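Engineer: Below is the structure I would like to discuss, written out as structure tokens.
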Amino acid sequence: MTVTLDIARQRTGTAATDTNAAAPRTWLIGKTRRQLQATLEDIGVPAAQTRMRANQLWHWLYNRGAASFAEMTNISKDLRARFAEVFDLSRLEIVTEQISTDGTRKWLLRLPPDELGRRHEVETVYIPEEDRGTLCISSQVGCTLTCTFCHTGTQTLVRNLTAGEIAGQVMVARDRLGEWPHLIGQAQNVPAGGRFITNIVLMGMGEPLYNFDNVRDAVEIISDGEGLSLSKRRITLSTSGLVPEIVRAGNEIGSMLAISLHGTTDEIRNRLVPLNRKYPIAELLQACRDYPGLSNAKRITFEYVMIKGVNDSIEDARRLVKLLKGIPAKVNLIPFNPWPGTDYECSDWDHIEKFAQVVLKAGYASPVRTPRGRDILAACGQLKSASERMKKTERDALSARRATPESAAAPVSGA
């Protein structure tokens, strides 16, 4: 039975928005260690203490999951009071939580207000399996790529997520799953390894490499061994093929890489992934070959949605094998997940298996991904929030506001 919970009344994940407040508080979630030290120095913490204080805050935020300064017992009472005046630790707001019949969970999360006061939403999905728990997180509100098989692609890009809004999705999931040290003893069905979330994939809403800096900082926070502590070997960034940023991602982010391929000729891929018109398959695969650290131990995953009569022929399978020659890789075959309004159909199951056999015989692992969370539109390619495209008048107002000297000097609430 699918379950939907409306829990929108919990505290919002934004800096203080009380109109009577003298100044908005700074949201600490999403600041790297260096940024956190600089922020502490800005409020008058002596330079000789900023590293120590930043380490204390880091531990409480990302290791213990503290939601208030009162919990930080190794910090003096006076300093905690000062921190509470100027900093905010609140979470992203959970609007709804849906639980699929297969145990998959989807959260609709409301973000802090933007500079025009708008509150946008994104979706995050948790997929439990016997040997792992995968959290699929978003990097943008909407998407700019308009891939024709993807529900998210029908939602126009609204804005990038901040590093705090990206890392904040992991924190919300840990809250709801009870994974923090002080909660794990109360949680039900705790996995043998003691962690519900063992893997993170940047495969939710948006193209991560179009939001490079924020994704890089978020991965730095998520992978820090003294905090959320997910190894970069367990974090996978998925891109539709933004070629100029792929090698840079290997150098600066260092996560595992997944490529949304979905086609074996430029003609087919142009139709499914319009970005291919700018960066065709040959350029994309060369960038993959140049990906730093590429090896059999650090293979690239090629994602391939199986769409009936479009990209699922045996000839497509043979071309796929030829394209990947020389690249340490595995292929995830994804049965197409239908969504309202699509004209595509999923390939027949026996046809998917024949396709997989061709790839497997060539020496590439070719698991067929079992659809999860279809009943709550949480499966691959089905995510879409209710946010609307920013109107031209709002874009103009935002541009004008950013152009004024007053707005440049003013503190910004939220992330």
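Engineer: Starting with the fewest neighbours, write out 256, 205, 171 ranked by other beta-carbon atoms found within 10 Å of each beta-carbon.
Structural biologist: 256, 171, 205
Engineer: For a quick check: with amide H placed at 1.01 Å from N, whose amide H comes under 5 Å from residue 302's, ignoring anything fewer than 5 positions away on the same chain?
Structural biologist: 259, 330, 331, 332
Engineer: A further question on this structure: In nanometres, what is the gap between the two model label sites at residue 115 and residue 85, each 7 Å from Cα along Cα-to-Cβ?
Structural biologist: Roughly 2.9 nm, to one decimal.
Engineer: Over the Cα atoms of the range 93-376, what radius of gyration and what Dmax do you get, in Å?
Structural biologist: When restricted to the Cα atoms of the range 93-376, Rg and Dmax are 18.5, 55 Å.
Engineer: Where does the charge balance sit around residue 111 when Lys and Arg score +1, Asp and Glu -1, over other residues with C-beta under 12 Å from its C-beta?
Structural biologist: 0
Engineer: For the range 30-88, restrict the atom set to alpha-carbon positions and state the Rg and Dmax in Å.
Structural biologist: 10.4, 26
Engineer: Follow-up question, since we're still on this one. Report, in listed order, any pair from 31/298; 322/354; 278/330; 106/308; 31/232 with a Cα-Cα distance greater than 20 Å.
Structural biologist: Beyond 20 Å: 31/298; 278/330; 106/308.
Engineer: In the range 315-361, which trypsin sites (Lys or Arg not before Pro) are in a loop and have at most 14 other Cβ atoms within 10 Å, using DSSP for the loop call?
Structural biologist: Passing sites in the range 315-361 are 325.
Engineer: Please order 243, 122, 359 by the number of other Cβ within 10 Å, starting at the fewest.
Structural biologist: 243, 359, 122
Engineer: May I ask you to compute the full-extension gain from residue 252 to residue 365, defined as 0.36 nm times their residue separation minus their alpha-carbon distance, rounded to one decimal in nm? Walk me through the numbers before you get to the answer.
Structural biologist: Working: separation 113, 0.36 × 113 = 40.68 nm, distance 2.77 nm.
Gain on stretching residue 252 to residue 365: 37.9 nm.
Engineer: Same structure again: Which residue, chosen from 310, 125, 211, occupies the Cα position most advanced towards the positive end of the dipole of the range 93-376, where the dipole is computed from +1 (Lys, Arg) and -1 (Asp, Glu) charges on Cβ about the Cα centre?
Structural biologist: 310
Engineer: Could you give the C-alpha radius of gyration of the range 153-227 expressed as a fraction of 2.2 N^0.38 Å, taking N as the number of residues it contains?
Structural biologist: Expressed relative to 2.2 N^0.38 Å, the Cα Rg reads 1.28.
Engineer: Further, regarding this structure: Quick check: from the Cα gyration tensor, does the range 251-341 come out rounded (a/c under 1.5), prolate or oblate?
Structural biologist: In terms of gyration-tensor shape, prolate.
No lab work stands behind these numbers, since they all come straight from the coordinates. For clarity, every value in this text was computed on a predicted model and none was experimentally measured. Positions of Cβ are backbone-derived with ideal geometry, glycine not excepted, and every protein chain shown enters the neighbour counts.
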